[in-house]
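Chemist: Could you have a look at this structure, given as structure tokens, before my questions?
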Amino acid sequence: MKPIIIPIISLFASSMMLSSCSSSVKDLNISKINESISIVEVNKPSKYILLPIQEDAQESKVKLMTGSKADTEMDVRIANNRIDYYVPFALTANNTNKVEIKNPSLNSILFDSIKVSDSFDAQNRERFRPLYHHTPLYGWMNDANGLVYKDGEYHLYFQYNPYGSMWGNMHWGHSVSKDLVNWEHLPAAIERDTLGHIFSGSSVVDFNNSANYGDNTIVSFYTSASDKNGQIQCMAYSKDNGNTFTKYEKNPILTSELKDFRDPKVFWYAPQNKWIMIVSADKEMRFYQSKDLKQWDYMSAFGKGYGALPSQFECPDMVELPVDGNPDKKKWALIVNINPGGLFGGSATQYFVGDFDGEKFICNTEPNEVKWLDWGKDHYATVTFSNTSDRVIAVPWMSNWQYCQIVPTKQFRSANALPRELTMYSQDNNVFLAANPVAETLKLRKETKSFNNIDLSKDYVIESMLDDNQGAYEIEMSITSLRPDYDLTLQLTNSLGEYVDITLDSENNKIIMDRSKSGIVDFGADSKPHEIENHDNRKTNSINYINDFALGTWAPLANNEKSHKLRIFVDRCSVEIFLDNGKVVMTNLVFPNEWYNTLKLINKKGKVNVDELNIYKLSL
């Protein structure tokens, strides 16, 4: 993704340390009200205060004081003795703005480094920022939410903290695209308010004016979360094609006695002319119905005792698809994101295939059967776009709650995995989902190296795969086994000896991705065990980060298959594998100190032939 560059103008600051009850910086007055509260007053109209951030500092409460009841405190890790980066705190157009800061440290360097500006430098300086995956312009991102297509644009909303690159201050960030690969950053669409954080949810195009806001209005549903109100379901609507939203004056629209009750997914159920809402409710999903999108009635629940256990259900989605492309044979897939409970620890996405009668979901498999949508470590909070007709397009968050807040980036944290188109297929008297990169990714291909009929009777090495590839390329490969047992490894490596191994092991019927030697893998390893905040304010122990990250993930291969097709997408900090038309998918982060620019094909046993190998340089 091409970064947006907002050039900095000359900053006004020649700052002074706060040494008495009040202090003055050019265009700023800083008054210390008491030991825990300071007031920053901006005398000259400006767009931003630039706040210095220190990620290991305790959170301060920062609030723009307009006198409105809607004024909301934001949690900001104000720098205490080190500045990691700056974030912009937006001001109003008034001649005077006052910002209240609670609980700043007595040793804080805030008062020596705070700045005012009419712009914020968002130029990308991050080594590990992907070139063709969606990321926030700056700050923290987790779950995609509210995905909707309208009038030629895909709206990607996402959990967003504009005041730091760690979780907090949940807003709905907003990006739009016409092709699912080029994204334009827009201002946050729904901001944290006095009801709480704006957690995940969904959006629909109200084609029949059910909510009485006008035909084809975008209506969005989200969870407001706070200690005071708990987790409650709310609604907002947009009259300008999803750019700005008005919150429903009678929010909340749905409450529960449960502590964990969030992430509403809403869709139209045509056979009964009604709207359906699925809400994650602790370790199950609850189904509700409505005619007007405002009044919701409970129908049923599903999930207790199903799938990977024990696990917290989150971010539901449900889609109906033809099996093997047969329009007369359709099934429903209920997508359930879980944390913890993933096969390799932490976060993951599972799904259930079954039938839905407009009231209840009936799973077609036994409760203990688990189907994974992705077999990697970094695939979570997967949800789909609404209003895309027959296409079912899913977008995952590409990280894991075990280490997402300490990965080695600062300007931003987290990316979305490639958008995937979901289909449904039958195999061995069972029904599964396949996920493939959307066809639009083909336009990323800019340069090609091709090889044919490679006999792997010995190792085969391709050095300098593509000149100046900047760590962004796709490998497309077709292989045929001439003997039933083989063990083929594709090794992506660099001159530093860092590597990722992708192994097809026919004897054990597995495909394995090993990133234990992939580059930077020990972030957080020397830290003592401590608690970090999950996205719903629950505390979770994060212990021994190196073992959480430096590992291999695996997935089953189809028994007795003698040929396979692989698509491997590499983009600076990630490797995504799509095997056999998306029947197996694996998504993992990597942080190499130098881009992988050599491909080694290592055949440890058996006889294997590479029928075709294409390496594509990718860029927007």
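The values are calculated or read from the model by the stated rules, or taken from the named source; none is laboratory data. In this text, all values refer to a predicted model and were calculated from it rather than measured experimentally. All Cβ positions, even for glycine, are placed from backbone atoms using ideal geometry, and neighbour counts span all protein chains on display. Surface areas here come from the heavy atoms of the whole protein model, side chains and all, with no ligands, DNA or RNA. Shrake-Rupley method; radii C 1.70, N 1.55, O 1.52, S 1.80 Å.
Chemist: Peptides 220-227, 132-139: what's the order by average Cβ count within 10 Å, highest mean first?
Modeler: My ranking of the peptides, most packed first, is 132-139, 220-227.
Chemist: What does the accessible area per residue of the range 317-400 come to in Å², with a 1.4 Å probe and no ligands, DNA or RNA counted?
Modeler: Ligands and nucleic acids excluded, the figure is 33 Å² per residue.
Chemist: Just need the relative contact order of the range 253-361 here, percent rounded to a whole number, with Cα pairs under 8 Å and 6+ apart.
Modeler: Once divided by the residue count of the range 253-361, the mean separation gives 20 percent.
Chemist: Another question, then. Which one, 76, 204, 342, is farthest towards the positive end of the dipole of the chain when Lys and Arg carry +1 and Asp and Glu -1 on their Cβ?
Modeler: Ranked along the dipole, the leading option is 76.
Chemist: Still on this structure, I have one more. Before I look further, what does the range 456-501 give for accessible area per residue, probe 1.4 Å, in whole square angstrom?
Modeler: Spelled out: the 1.4 Å probe surface of the range 456-501, per residue, equals 44 Å².
Chemist: Shifting gears a bit: Within the accessible area of the range 558-620, what % is carbon and sulfur when the probe is 1.4 Å and the other protein chains stay in place?
Modeler: 39 percent
Chemist: Considering the options 234, 272, 511, tell which one lies farthest towards the positive end of the dipole of the chain, charges being +1 on Lys and Arg and -1 on Asp and Glu at the Cβ, about the Cα centre.
Modeler: Comparing the listed Cα positions along the dipole, 234 ranks first.
Chemist: Apply the Karplus curve 6.51 cos²θ - 1.76 cosθ + 1.60, θ = phi - 60°, to the phi angles in the range 186-200 and return the couplings in whole Hz, x for Gly and Pro.
Modeler: 10, x, 3, 8, 9, 9, 3, 9, 5, 6, x, 5, 9, 7, 5
Chemist: If you don't mind, there's one more thing I want to ask. Want the number for residue 450 to residue 226: 0.36 nm per residue separation, take away the alpha-carbon distance, what's left?
Modeler: 75.1 nm
Chemist: For residue 303, what residues show an amide H to amide H distance below 5 Å, using hydrogens built from the backbone and excluding near sequence neighbours?
Modeler: 285
Chemist: Roughly how big is the range 162-299's charge dipole about its Cα centre, with Cβ charges of +1 (Lys, Arg) and -1 (Asp, Glu), in debye to the nearest 20?
Modeler: Approximately 160 debye in magnitude.
Chemist: Mind checking the per residue accessible area of the range 143-205 for me, 1.4 Å probe, whole number of Å²?
Modeler: 23 Å²
Chemist: For the ranges 440-452, 424-436, what's the packing order if you count other beta-carbon atoms within 10 Å of each residue, average per peptide, and put the highest first?
Modeler: 424-436, 440-452
Chemist: State, as an integer percentage, the relative contact order of the range 131-276 based on alpha-carbon contacts under 8 Å between residues 6 or more apart.
Modeler: 17 percent
Chemist: Please list, in order along the range 444-452, the HN-Hα scalar couplings obtained from phi with the Karplus expression 6.51 cos²θ - 1.76 cosθ + 1.60 (θ = phi - 60°), rounded to whole Hz, x for Gly and Pro.
Modeler: Computed from phi, the couplings for the range 444-452 are 6, 5, 10, 8, 9, 10, 10, 9, 9 Hz.
Chemist: Can you give the relative contact order of the chain as a percent, counting alpha carbon pairs under 8 Å and 6+ residues apart?
Modeler: Relative contact order of the chain: 11 percent.
Chemist: So what J values fall out for the range 220-227 if you push phi through Karplus, 6.51 cos²θ - 1.76 cosθ + 1.60 with θ = phi - 60°, rounded to Hz, Gly and Pro as x?
Modeler: So the J values, rounded to whole Hz, are 10, 10, 8, 9, 8, 10, 7, 5.
Chemist: Mind jotting down the distance between the C-alpha centroids of the range 30-67 and the range 288-353, whole Å?
Modeler: 43 Å
Chemist: Right, here's the next one. If R₀ is 45 angstrom, what is the calculated FRET efficiency for the pair residue 72 and residue 274, using the beta carbon separation as r and rounding to 0.05?
Modeler: 0.85
Chemist: If amide hydrogens are placed 1.01 Å from N in the peptide plane, which non-local residues have theirs closer than 5 Å to the one on residue 116?
Modeler: 12, 13, 50
Chemist: Right, next: In the range 167-242, what percent of the accessible surface is made up of carbon and sulfur (1.4 Å probe, ligands and nucleic acids excluded)?
Modeler: Accessible surface attributable to carbon and sulfur in the range 167-242 totals 44 percent.
Chemist: Once you charge only the Cβ atoms, +1 for Lys and Arg and -1 for Asp and Glu, what is the size of the charge dipole of the chain about its Cα centre, to the nearest 20 debye?
Modeler: The calculated dipole for the chain is roughly 760 debye.
Chemist: So, with a 1.4 angstrom probe, what is the percent of accessible area on the range 55-103 that is carbon and sulfur?
Modeler: 43 percent
Chemist: On to the next question. Show that you can apply the helix-only estimate: for the chain, add -39,500 (n - 2.57) for every DSSP H stretch of four or more residues, divide by all residues, and state [θ] at 222 nm to the nearest 500.
Modeler: Mean residue ellipticity, 222 nm, calculated: 0 deg cm²/dmol.
Chemist: Check cross-link reach from residue 330 to the aspartates and glutamates: straight Cα distance under 13 Å, and skip same-chain residues fewer than eight apart.
Modeler: List returned: 320, 355, 357, 390.
Chemist: Distance between Cα centroids, the range 414-493 to the range 111-182: provide it in whole Å.
Modeler: First find each Cα centre; the distance between them is then 29 Å.
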